[in-house]
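Q: Have a look at this one before I ask anything.
The values are calculated or read from the model by the stated rules, or taken from the named source; none is laboratory data. Bear in mind the structure is a predicted one, so any value in this text is a computation, not a measurement. Virtual Cβ from ideal backbone geometry, glycine too; neighbours counted across all protein chains shown.
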Amino acid sequence: MSQPALPLAIRLERCAKTFADGTRALEPLDLEIRSGETLVFLGPSGCGKTTTLRIIAGLEAPDEGGRVLFDGTDVTALPIERRNVGLVFQSYALFPNLDVRGNVAYGLRIRGVAPAERAARVDEVLAMMRIEALASRSIDQLSGGQRQRVALARALAVRPRALLLDEPLTALDAKLRDTLRLEIDALLRRLGITSIYVTHDQAEAMALGDRIVVMDHGRVAQVGAPREIYHAPASRFVADFIGTMNRLEGRVEAGRFLTGAGALGAPGLDQGAREVLFRPESVRLAEDAGELAGTVSAAFFLGDHTRLFVDCAGQQVVVECDGRREFARGASVRLALEPGTLVILREGT
Amino acid sequence: MRRRGPAFWCLLAFTLLVCAFLIVPVAMSMLAGVTVNYQSGLSSGLTLRWVAQVWEGYSDTIFRSMGIAVACLACTLVLGVPAAYALNRSQSVPARVIEELLVMPVAIPGLATAMALIVTYNTLGNFRTSWTFILVGHVLFTLPFMVRSVLAVMAAVDLKTLEEGAASLGAGFRQRFFSIVLPNCRPGILAGSLMVVTLSMGEFNMTWLLHTPLTKTLPVGLADAYASLRLEVGSAYTLVFFLMIVPLLVAIQLLARPVQLAGQGAPR
């Protein structure tokens with residue numbers, strides 16, 4: 001039982017999941033999770049992301065023919081208790097019959113670690129999660145954020161080969177979520193542990209993931225680094241699901257894209273294209289040389305910036321601009337698109 | 001909150017009245033058990049004679065009832081807790097059907113259940129004349145109470161996820177069952193145990209048919225005493241019943257107390 005020098009690499013081969021009532025939760029999936037990376041499964045509820053995590057953890061078995069490999073070894077038949085993966089749940093799943101220390105020490109006790117070493121290791125993770133002061137509290141005396149820290153400490157105390165987190169921040173309020181997200185990020189970088197993170201929150205996915213797997217209806221819609229997913233979405237679904245996307249209808253003529261509100265330079269656009277996609281931050285307000293003309297239909301001041309909704313000949317364009325300028329409804333504006341920022345979908349969907 | 005209106009006093013009076021209506025007969029009955037002559041009232045003096053007479057004539061029924069109650073508790077624990085666990089785990093339709101069917105012995109009149117037992121097992125060796133025959137009836141009747149209360153707690157603490165958490169930390173089935181499942185079901189097991197013991201101790205309906213002259217239980221003996229002996233003796237019997245069951249219930253409560261405290265924690 002020598003510890004491998006590198007963090008765990010995980011491979012899924014044709015892993016599908018059909019539930020007893022015949023629902024197909026996951027279409028056959030092949031996926032490589034690299035040693036030491038943080039991989040985020042992102043998608044709306046019911047997209048199969050939690051099922052995938054549970055298959056990796058060993059809480060669900062894939063359908064016949066699917067295989068899960070840890071560092072090249074087939075662990076498909078191995079139950080969760082023998083896979084040595086840390087699991088963090090949305091509902092924390094802390095043991096109410098044990099106090100904080102008891103919870104964190106649980107895995108070590110099960111493994112038969114001697115009391116002295118056990119205490120030392122528990123202290124170590126309590127300090128790492130900055131919850132030493134809570135050690136003798138009972139679980140129902142803890143706030144949501146504290147509970148999630150205890151849950152993380154408990155999962156890490158046994159030095160798992162990989163850390164699996166199932167929507168760990170969803171039950172927390174927004175401010176706490178941001179704080180804990182930063183902390184989890186720092187923690188995962190420091191530990192260098194292979195981690196798999198499931199969320200429906202794209203901001204969380206962008207911030208934490210080395211790579212993101214966007215899922216939809218049991219299928220992988222796209223796998224890639226956050227920037228790749230954001231700037232080069234593979235499909236209409238990914239483009240719509242991640243961030244805000246503007247869409248203008250029109251047609252291509254002589255290398256330019258013509259819309260009712262003006263024409264855009266469109267290098268690389270397919271001749272038959274009927275629409276163009278671009279992000280709000282790719283558009284800027286132009287004093288007079290703008291390519292598109294429109295009127296302000298709504299303006300939301302958000303502090304650091306203003307989000308403008310501009311009516312471009314019946315089509316709505318969202319623009320992000322400087323927070324200092326005020327806009328009146330109905331005001332005429334001209335918009336210019338930063339060159340080379342059109343989003344081209346790789347597939348024809 | 002200091003000033004209380006007439007509505008409060010009216011409600012209080014009504015509550016006390018209802019309490020009195022319920023408690024006075026019990027108190028009267030217990031008092032009758034230590035009165036020399038109930039007809040001539042308390043003026044005839046107090047005595048422990050009737051209690052002694054009950055002890056002499058019926059102490060075997062008291063111990064038998066306690067024995068059956070404890071055995072019944074043991075059976076419902078051994079059968080009921082694993083059954084509740086299995087029902088909690090399984091999401092299948094048969095599991096839900098079984099869960100509903102479990103309540104049937106409570107819904108069906110005890111007389112009918114008793115008759116069914118007698119008709120079926122009358123000829124099975126010495127079973128009919130053994131106290132275990134009564135035990136079987138009691139287990140049948142009390143098992144749903146144990147299963148239901150344990151199931152309720154299992155659902156409330158989300159036992160499935162707790163177990164998944166324990167499993168992810170390396171705990172196998174046995175370890176999970178004893179370190180996570182049982183301790184977290186403790187409140188349900190306690191509530192079920194109290195139910196089972198009290199129901200078994202007081203069960204008359206079914207036991208009336210199941211008993212033989214040599215296997216009388218306390219409630220059966222009590223009916224016997226009221227029917228055939230002086231009212232004072234029957235009342236003394238009730239008093240003894242009370243004195244037996246109250247400490248038993250308190251003891252069960254105490255058994256579970258330290259764990260409950262640890263679970264709930266002192267508020268700060």
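Q: Name the residue that is surrounded by the most Cβ atoms within 10 Å (Cβ to Cβ), counting only residues in region B:46-66 that are touching a strand residue (DSSP E or B) at 6+ places or on another chain (Cβ under 9 Å) and outside any loop (DSSP other than H, G, I, E, B).
A: Across region B:46-66, the extreme among qualifying residues is B:TRP50.
Q: Filtering region A:159-180 down to residues that are modelled with pLDDT under 90 and among the basic types (Lys, Arg), which residue is surrounded by the most Cβ atoms within 10 Å (Cβ to Cβ)?
A: It comes out as A:ARG177.
Q: Given the conditions (1) of a type outside the set (Val, Ile, Thr); (2) in contact with an Asp or Glu (Cβ under 9 Å, 6 or more places away or on another chain); (3) away from chain B (no Cβ under 14 Å); (4) closer than 20 Å to A:LEU94 by Cα, and given that A:SER138 satisfies all but one, which numbered condition is not satisfied?
A: Evaluating A:SER138 over (1) of a type outside the set (Val, Ile, Thr); (2) in contact with an Asp or Glu (Cβ under 9 Å, 6 or more places away or on another chain); (3) away from chain B (no Cβ under 14 Å); (4) closer than 20 Å to A:LEU94 by Cα leaves (3) as the failure.
Q: Right, next: Can you find even one residue in region A:289-300 that is crowded, with 16+ Cβ neighbours inside 10 Å and under 30 Å from A:PRO44 (Cβ atoms)?
A: There is at least one residue in region A:289-300 that is crowded, with 16+ Cβ neighbours inside 10 Å and under 30 Å from A:PRO44 (Cβ atoms).
Q: Take the residues in region B:115-149 that are among the small types (Gly, Ala, Ser) and buried (at least 22 other Cβ atoms within 10 Å of the Cβ); name whichever of them is nearest to the other protein chains (Cβ to nearest Cβ).
A: B:SER149
Q: Consider A:LEU172 carefully, then state whether it is part of a helix (DSSP H, G or I), more than 10 Å from every other protein chain (Cβ to nearest Cβ), touching a residue at least 12 places away in the same chain (Cβ under 8 Å) and under 26 Å from A:HIS200 (Cβ atoms).
A: Considered against the rule, which asks whether it is part of a helix (DSSP H, G or I), more than 10 Å from every other protein chain (Cβ to nearest Cβ), touching a residue at least 12 places away in the same chain (Cβ under 8 Å) and under 26 Å from A:HIS200 (Cβ atoms), A:LEU172 comes out as no.
Q: Can you tell me which of B:VAL181, B:VAL150, B:VAL233 is modelled with pLDDT of 90 or more, assigned to a helix (DSSP H, G or I), of a type in the set (A, V, I, L, M, F, W, C) and touching a helix residue (DSSP H, G or I) at 6+ places or on another chain (Cβ under 6 Å)?
A: Every option except B:VAL150 fails the conditions.
Q: Shifting gears a bit: Name every residue in region A:77-112 that is within 31 Å of the chain's Cα centre (by Cα) and of a type in the set (S, T, N, Q), in order of residue number.
A: A:ASN84, A:GLN90, A:SER91, A:ASN103
Q: Counting just the residues of region A:101-128 that are more than 11 Å from chain B (Cβ to nearest Cβ) and surrounded by 17 or more Cβ atoms within 10 Å (Cβ to Cβ), which one comes out nearest to A:LEU187 (Cα to Cα)?
A: A:MET128
Listed here are the residues, each with its yes/no results for (1) within 11 Å of chain A (Cβ to nearest Cβ); (2) buried (at least 22 other Cβ atoms within 10 Å of the Cβ); (3) small (Gly, Ala, Ser); (4) within 21 Å of the chain's Cα centre (by Cα).
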site	(1), (2), (3), (4)
B:LEU151	no, yes, no, yes
B:ALA166	yes, yes, yes, no
B:SER193	no, yes, yes, yes
B:TRP208	no, no, no, yes
B:THR217	no, yes, no, yes
